[in-house]
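Have a look at the structure below before the remarks.
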Amino acid sequence: MGFFDREQTVAGPGFSRWLVPPAALAVHLSIGQAYAFSVFKIPLTRAIGITKSVPNDWTQPELAWIFSLAIFFLGASAAVFGRWVERVGPRKTMATAALCFGGGFILSAFGVWWHQLWVIYLGYGVIGGCGLGLGYISPVSTLVKWFPDRPGMATGMAIMGFGGGAFIGSNLSLNLMDYFKSPTTTGVAQSFVALGIIYFCYMMFGSLIVRVPPEDWKPAGYQPATTSHGLITTENVTVDCAWRTPQFWLLWIVLCFNVTAGIGILEQASPMIQEMFPGKVLAAAAGGFVALLSLFNMGGRFLWSSFSDYIGRKPVYVIYLLLGAILYCLIPVAGRSGSVIFFVAVCAVILSMYGGGFATIPAYLKDLFGAMQVGAIHGRLLTAWSVAGILGPVLVNYIREYLKNRGVTGVDLYAPTMYLMAGLLVIGLICNLSVRPVADRFYARNRREILKPGASHA
Amino acid sequence: MPNETKTTGNAVMLMISWIVVGVPLIWGVYKTLMKLPVLFH
């Protein structure tokens with residue numbers, strides 16, 4: 001039995017469950033760097049020319065594929081390796097994620113030195129992307145089991161780390177590039193090596209301190225429900241059964257459309273505020289607007305998800321989707337009113353609910369399908385994120401370009417997109433309202449048999 | 001295994017762990033907050 005095996009991570013008497021959120025945060029704060037990858041874009045377009053792009057340098061569209069590949073492999077690896085994650089436990093998964101994410105950076109550094117873009121695609125995009133997916137789902141089921149009394153708060157805290165990781169990643173990367181740059185290098189390759197080592201160590205710290213609770217552990221004073229009530233079940237559904245239920249696909253649509261709509265704002269935040277308030281908001285102020293949205297995105301993950309522990313998962317999604325739809329319709333109104341504060345406030349609330357949607361979904365899945373394989377089920381649901389990651393920017397950019405080519409300007413350039421996003425949220429709202437308890441026939445009957453590798457779960 | 005009703009834990013390890021994750025997060029948020037004043041200028 002090795003150090004990284006699940007059996008070695010079972011907590012002993014006296015272990016504080018409050019050590020588990022820092023373990024989860026260490027991983028999520030690291031992989032959240034993915035949101036800050038854009039800080040490398042301009043320096044990478046000058047890898048040869050150093051001070052300016054020269055003909056053999058990479059172009060921005062070529063470089064955009066690095067992030068797209070990483071997000072695609074995040075969703076794909078979370079979906080494919082979810083069952084493995086549940087079987088081997090959080091320590092081995094976090095260590096594997098650390099190897100993939102840190103190793104991806106190191107390999108990408110060689111790609112920069114050799115000026116071979118495919119090496120960066122493979123390093124950060126494919127291998128790093130798998131690290132993102134494994135890291136993202138690794139603590140979910142462990143947190144839910146340690147915090148059965150407050151699953152929304154626990155998973156919200158971890159997933160908040162993914163938002164916060166962008167702040168650390170962008171500032172750290174800029175500082176490192178400043179430190180390493182010289183007349184002969186942009187400092188990107190050296191920064192990749194440093195980041196690979198730093199993030200590997202940081203994620204390994206999480207891997208070392210994480211523990212799973214002993215079988216049938218429960219927090220002091222917590223009395224688990226003995227019978228299912230409402231959407232909260234006391235039974236368990238395996239990952240292979242879960243994705244055959246209508247509830248899984250209803251939540252898939254909810255997450256997909258909530259993320260698509262949020263990306264609609266994030267993707268265009270900077271040009272949108274400048275074009276809606278010409279002369280009033282300049283590029284520097286638009287940068288501040290993007291930073292503010294990121295803060296609300298992060299804060300919303302923890303606050304909304306914690307709030308869902310009190311009012312329930314379905315009602316909190318009604319708020320995200322209904323209030324979200326109303327606020328999207330208010331964005332053109334805010335633009336026409338000329339009030340920057342009103343516009344910023346509307347967008348900030350929308351982004352808090354975008355983050356909240358991400359953070360609350362694991363607890364919603366736990367309510368519906370039980371805690372047993374919630375990490376793996378969550379992994380499969382993250383394919384909705386991959387789809388939204390393509391759908392959102394494509395919708396937003398095509399509509400904007402189409403209108404721009406027809407001479408439309410200002411608020412009218414964005415109004416149709418906002419109404420479309422509101423429409424998507426209304427569809428999501430209908431799906432959320434349609435969620436009912438999972439039918440009895442999907443419940444697992446024998447937990448020990450299910451956790452065996454290769455066991456049949458039909 | 002019988003249910004545990006208390007989890008006291010190692011207070012020092014707990015403190016170190018929260019500092020390790022808290023300090024970088026606070027630093028990142030602080031650096032980001034510094035970009036905000038220009039929005040409301």
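The values are calculated or read from the model by the stated rules, or taken from the named source; none is laboratory data. Predicted model, so just to flag it, every value in this text is computed and none were measured. With ideal geometry, Cβ positions are generated from the backbone for all residues, glycine too; neighbour counts draw on all protein chains shown.
Those helices (runs of 4 or more DSSP H) of the range A:236-315 in which 3 or more residues are farther than 18 Å from A:M418 by Cβ, more than 14 Å from chain B (Cβ to nearest Cβ) and of a type in the set (S, T, Y) occupy A:283-311. If the condition is being at pLDDT 95 or above, buried (at least 24 other Cβ atoms within 10 Å of the Cβ) and of a type in the set (V, I, T), then the range A:84-100 contributes only A:T93.
Taking the criterion of being modelled with pLDDT of 90 or more and at negative phi, the residues of the range A:40-50 that qualify are A:F40, A:P43, A:L44, A:T45, A:R46, A:A47, A:I48, A:G49. Within the range A:112-127, identify whether any single residue is within 30 Å of A:F369 (Cα to Cα) and polar (S, T, N, Q), and answer yes or no. Looking through the range A:112-127, none of the residues is within 30 Å of A:F369 (Cα to Cα) and polar (S, T, N, Q). Could you list, in sequence order, all residues of the range A:218-235 that are within 14 Å of chain B (Cβ to nearest Cβ) and either touching a residue at least 60 places away in the same chain (Cβ under 8 Å) or part of a helix (DSSP H, G or I) (or both)? Scanning the range A:218-235 gives A:K218, A:P219, A:Y222, A:P224.
Applying a threshold of 8 Å to beta carbon distances and a minimum spacing of six or more residues, or different chains, the list of pairs starting in the range A:313-333 at a residue that is assigned by TED's automatic domain parsing to the domain that holds A:A415 and ending at one that is outside any helix (DSSP H, G or I) reads A:R313/A:L231; A:K314/A:L231; A:K314/A:V435; A:I331/A:Y414; A:P332/A:Y414.
So, in the range A:368-419, of the ones that are β-branched (V, I, T) and over 25 Å from the mean Cα position of the chain (by Cα), which residue ends up surrounded by the most Cβ atoms within 10 Å (Cβ to Cβ)? Working first, answer last.
Quick first cut of the range A:368-419, residues β-branched (V, I, T) only: A:374, A:377, A:383, A:387, A:390, A:394, A:396, A:399, A:408-409, A:411, A:417.
Now narrow it down to the ones that are over 25 Å from the mean Cα position of the chain (by Cα): A:399, A:408-409, A:411.
Numbers: A:I399: 16, A:V408: 15, A:T409: 10, A:V411: 21.
Per the criteria, the residue is A:V411.
Of the residues making up the range A:168-182, none is surrounded by 17 or more Cβ atoms within 10 Å (Cβ to Cβ) and part of a loop (DSSP other than H, G, I, E, B). Screening the range A:322-372 for residues that are part of a helix (DSSP H, G or I) and polar (S, T, N, Q) and picking the one that is nearest to A:R436 (Cα to Cα) gives A:T360.
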